[in-house]
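Step one of this worksheet: look at the structure below.
The values are calculated or read from the model by the stated rules, or taken from the named source; none is laboratory data. Source: prediction; values computed, not measured. Neighbour counts run over all protein chains shown; Cβ positions are idealised from the backbone, glycine included.
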Amino acid sequence: MSTGVTVRVPAKVNVQLAVGGRRPDGFHDLANVFLAVGLYDEVTATPDDTLGLTAEGPGTDLIPLDGSNLAARAARLLAGRHGIEPRVRLHIAKDIPVAGGMAGGSADAAGALLACDALWGTRTPYEELLALCAELGSDVPFSLAGGAALGRGRGELLTPLETGGEFHWVFAVADGGLSTPDVYRECDRLREAAGLGATVDDVPDPEPSPALLDALRTGDAPALAAALTNDLQPAAVSLRPSLARTLQAGLAAGALASLVSGSGPTCAFLVKDAESGARTAEALRASGTCRAARSAVAPAPGASLV
Ligand SMILES: C[C@@](CO)(OP(=O)(O)O)[C@H](O)COP(=O)(O)OP(=O)(O)OC[C@H]1O[C@@H](n2ccc(N)nc2=O)[C@H](O)[C@@H]1O
Ligand SMILES: Nc1ncnc2c1ncn2[C@@H]1O[C@H](COP(=O)(O)OP(=O)(O)O)[C@@H](O)[C@H]1O
């Protein structure tokens, strides 16, 4: 009989990513509207004498398997908070594209926190888990929470959002990833090159779009399609110009709208229903503009014990 604990954690797409100026600490203030989507990583925690980590699935050759892995850092942080040793073997079964702008590493961090908390019986209150998540990364609190939420600050200050139905998505997975800091840096560079300036003194405070929040609340996919925005998209396309062809291929296949997912390079396509999603995914595969195309439904629940 296995004594392990397994937690399933969803990927995300940013349906609005409004990026403010660069702050003195190097981060950018955001109005980040997260939507959890039904592609999942699973993190299993099993008792062991020391902290160990293994991973399986596409792209795991690109993630560190030492102490710098976000899941390992999460286990150490939780153990440190409770004054215990991180005696655990973590196994990550990866299905979220690595370095794809879908918060795979954040998902593994949130999954490891929840799995270790259950394994060690540390019973950390939810609000404290959220605070630990924020120490690990800006997107990690949302990976724990799931559903839909507005992230303020650097994305870690969450307000849950109501959603009024299911949204169908297709994701075009690219070959290789993009580095999140590189994409924020390119966003700043493009703003400076346009003579706008890139600091908090230069850029207006980012605000969520009322039309977008309304579309989420009413489950209105065409209205959501009309309101999707990502301020990091020009930077991601600047660093990876071939994404313009991917975005176009999905639109030609009948998607309601396309955008880069977060810092990319995954491209996200909002579609009318499951059938239209299957057609769009097939057309994207045939277009040769991506490595893989995956269909998924949103909102998905947050990190949960399997
Ligand atoms: C862009 C977004 C959109 O949700 O996600 P991805 O698309 O990469 O998954 C996030 O802002 C990524 O969040 P996350 O990947 O957790 O970033 P962190 O580890 O906190 O920060 C990594 C680096 O990204 C930059 N960063 C991150 C968040 C933020 N609000 N401003 C920033 O400038 C900083 O250079 C920071 O050093
Ligand atoms: N458990 C993990 N899973 C994925 N990436 C990880 C993990 N731990 C550390 N990383 C590193 O974090 C970076 C971001 O990866 P990821 O979270 O998948 O993408 P993104 O930030 O674009 O959503 C990568 O450089 C990766 O090597």
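Key figures
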read-out: Residues of segment 6-43 classified as buried (at least 21 other Cβ atoms within 10 Å of the Cβ), closer than 18 Å to LEU70 by Cβ and β-branched (Val, Ile, Thr), total; value: 3
read-out: Which listed residue is over 14 Å from the mean Cα position of the chain (by Cα), at negative phi, acidic (Asp, Glu) and away from ligand 1 (no atom under 16 Å from the Cβ), from ASP25, ASP29, ASP61; value: ASP61
read-out: So GLY26, is it assigned to a helix (DSSP H, G or I) and either out of contact with any Ser or Thr (no Cβ under 7 Å at 6 or more places or on another chain) or assigned by TED's automatic domain parsing to the domain that holds THR266 (or both); value: no
read-out: Options THR122, THR60; residue that is surrounded by fewer than 24 Cβ atoms within 10 Å (Cβ to Cβ), over 18 Å from GLY302 (Cα atoms), hydroxyl-bearing (Ser, Thr, Tyr) and out of contact with any His (no Cβ under 7 Å at 6 or more places or on another chain); value: THR60
read-out: Hits in segment 140-165 (condition: charged (D, E, K, R) and more than 17 Å from GLY262 (Cα to Cα)); value: GLU162
read-out: Filtered residues of segment 130-147 (kept if over 19 Å from LEU77 (Cβ atoms) and either basic (Lys, Arg) or surrounded by 24 or more Cβ atoms within 10 Å (Cβ to Cβ) (or both)); value: GLY146
read-out: Subset of segment 117-139 [more than 14 Å from ligand 2 (Cβ to nearest atom) and either of a type in the set (Asp, Glu) or over 25 Å from GLY262 (Cβ atoms) (or both)]; value: ASP117, ALA118, LEU119, TRP120, GLY121, THR122, ARG123, THR124, PRO125, GLU127, GLU128, GLU135
read-out: Identity of the residue in segment 90-111, of a type outside the set (Gly, Ala, Ser) and outside any loop (DSSP other than H, G, I, E, B), that ends up nearest to ligand 2 (Cβ to nearest atom); value: ASP108
read-out: Residue check, ALA296 among the aliphatic types (A, V, I, L, M) and within 16 Å of ligand 2 (Cβ to nearest atom); value: yes
read-out: Residues located in segment 66-107, provided they are within 12 Å of ligand 1 (Cβ to nearest atom) and within 26 Å of PHE269 (Cβ to Cβ); value: ILE96, PRO97, VAL98, ALA99, GLY100, GLY101, MET102, ALA103, GLY104, GLY105, SER106, ALA107
read-out: Some residue of segment 226-244 being among the hydrophobic types (A, V, I, L, M, F, W, C), farther than 30 Å from GLY26 by Cα, at pLDDT 95 or above and more than 16 Å from ligand 2 (Cβ to nearest atom); value: yes
